């Protein structure tokens, strides 16, 4: 299936389960039109005694970010090419880590385990360099991972190799850098939540509130909160609350 990006002038809803609501965006423009691919190369991890990107058999990597491979980032940003501070930007990615046999763990934000079953943490890959015996629950595998990078947040990535072979990795990324704005039309936002108006829906797998997202909502975007998932019969409530939530939007 082809990767799905949001066209200019269209809308995107970022749903964050821990907050019980959405942040709405209108995509103003693509900043990398017709240049959406990164042949990133080896996964940015080096095991002792191995070349970069080779994951030994029965091995768990440390938590890493996708470091800059262009050589053009300033030193303070070179450790994470998907970290940015511009409030009016989002980076929509599809990350293809090959071969597709790895167990992939994503910490949002970095160092913070989000996945659970009935409230109990499941995504625990074990210590870096370990045999990975604790990687049997709560991971992604065998697929291209969609991730929407938001301002002021590092995302951590861990791979577990549970095969009996040393595996050489290769990463290819499709991405679009969106310039965005927060729409203020309460009726339109209400319809998008109900599915009555077109909008791309992205669920960020964050199930516990974190300071970075608290700050994104209130300090960076100027919203009072996320917008609740209104029911179809809650139109009057929505028309009353949404204008208040988005009135101070800064982008």
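Scan 176, 104 and give me the residue that is part of a strand (DSSP E or B), modelled with pLDDT under 95 and buried (at least 16 other Cβ atoms within 10 Å of the Cβ).
On the way: 176 fails: modelled with pLDDT under 95.
Among 176, 104, only 104 is part of a strand (DSSP E or B), modelled with pLDDT under 95 and buried (at least 16 other Cβ atoms within 10 Å of the Cβ).
Of everything in region 15-52, what is over 22 Å from residue 94 (Cα atoms) and in contact with a strand residue (DSSP E or B) (Cβ under 7 Å, 6 or more places away or on another chain)? Give them in sequence order.
Within region 15-52, 20, 21, 47 qualify.
Considering every residue within region 92-99, establish whether at least one is closer than 16 Å to residue 158 by Cα, in a loop (DSSP other than H, G, I, E, B), at pLDDT 95 or above and in contact with a strand residue (DSSP E or B) (Cβ under 8 Å, 6 or more places away or on another chain). Give the steps one after another, and end with the answer.
Filtering region 92-99 down to residues closer than 16 Å to residue 158 by Cα leaves 95-99.
The next check asks that each one be in a loop (DSSP other than H, G, I, E, B); those that pass are 99.
Retained after the next criterion (residues that are at pLDDT 95 or above): 99.
Then drop every residue that is not in contact with a strand residue (DSSP E or B) (Cβ under 8 Å, 6 or more places away or on another chain), which leaves 99.
Within region 92-99, one or more residues are closer than 16 Å to residue 158 by Cα, in a loop (DSSP other than H, G, I, E, B), at pLDDT 95 or above and in contact with a strand residue (DSSP E or B) (Cβ under 8 Å, 6 or more places away or on another chain).
Which condition number does residue 109 fail, the rest of (1) farther than 16 Å from residue 144 by Cβ; (2) part of a loop (DSSP other than H, G, I, E, B); (3) more than 19 Å from the chain's Cα centre (by Cα) being met?
Only one criterion in (1) farther than 16 Å from residue 144 by Cβ; (2) part of a loop (DSSP other than H, G, I, E, B); (3) more than 19 Å from the chain's Cα centre (by Cα) is unmet by residue 109, namely (3).
Going through region 203-217 one residue at a time, which ones are crowded, with 16+ Cβ neighbours inside 10 Å and in a helix (DSSP H, G or I)?
212, 213, 216, 217, listed by residue number.
Going through region 218-251 one residue at a time, which ones are without any contact (Cβ under 8 Å) to a residue 12 or more places away in the chain, in a helix (DSSP H, G or I) and surrounded by 15 or more Cβ atoms within 10 Å (Cβ to Cβ)? Steps first, answer last, please.
The initial filter retains those residues of region 218-251 that are without any contact (Cβ under 8 Å) to a residue 12 or more places away in the chain, namely 218-219, 231, 233-234, 236-237, 240.
Of the ones still in play, those that are also in a helix (DSSP H, G or I) are 218-219, 236-237, 240.
Within region 218-251, none qualify.
Do you know which of the residues in region 179-206 that are under 30 Å from residue 103 (Cα atoms) and touching a strand residue (DSSP E or B) at 6+ places or on another chain (Cβ under 6 Å) is modelled with the lowest pLDDT? Show your work before the answer.
Filtering region 179-206 for residues under 30 Å from residue 103 (Cα atoms) gives 200-206.
Restricting the remaining residues to those that are touching a strand residue (DSSP E or B) at 6+ places or on another chain (Cβ under 6 Å) gives 200-204, 206.
Numbers: 200: 96, 201: 97, 202: 97, 203: 96, 204: 94, 206: 90.
By that ranking, first place goes to 206.
The values are calculated or read from the model by the stated rules, or taken from the named source; none is laboratory data. The structure displayed is predicted, hence computed values, not measured ones. Every residue, glycine as well, gets a Cβ built from its backbone with ideal geometry; the counts of neighbours run over all protein chains shown.
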